[in-house]
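Undergrad: Can you keep this structure in mind? I'll have questions shortly.
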Amino acid sequence: MTAKAGQRWYSLGMLIGGHAPIGNDARYYQRSPQASSEQRDEAWAVMEEAGLTPTSRYPESWTKPWQSECITCGLPRIFTVQQVYDGRSCSHRPPA
């Protein structure tokens, strides 16, 4: 389809909502929703169960670093919730 002289050409893809994702993996083109309060509560519980108290706002994802403090040694730690869930935690080095 070609535009007639004097008419602007519009991409059909842009008219119906942008370009299509490559392949079947549309998740990369979608904006991730904000975490629900249940997700935040679950993440907080995972951190506390591992002996860590979060010191910053929940990063809205289990795979983003979350600043925390070790309950045992008091040192600041930065782990993702996923790392803590998988068993990683503070090595309890004595405070300097």
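Undergrad: Which numbered condition in (1) surrounded by 13 or more Cβ atoms within 10 Å (Cβ to Cβ); (2) modelled with pLDDT of 90 or more is the only one that ILE78 fails?
TA: Against the list (1) surrounded by 13 or more Cβ atoms within 10 Å (Cβ to Cβ); (2) modelled with pLDDT of 90 or more, ILE78 comes up short only on (1).
Undergrad: Ok, one more. Scan the range 43-70 for residues that are surrounded by 14 or more Cβ atoms within 10 Å (Cβ to Cβ) and more than 17 Å from the chain's Cα centre (by Cα) and jot them down.
TA: If the condition is that a residue be surrounded by 14 or more Cβ atoms within 10 Å (Cβ to Cβ) and more than 17 Å from the chain's Cα centre (by Cα), then GLU48, ALA50, GLY51, LEU52, GLU69, CYS70 are the ones that fit.
The values are calculated or read from the model by the stated rules, or taken from the named source; none is laboratory data. The model shown is predicted, which means the values in this text are computed figures rather than measured ones. We place every Cβ from the backbone using ideal geometry, glycine too, and count neighbours over all the protein chains shown.
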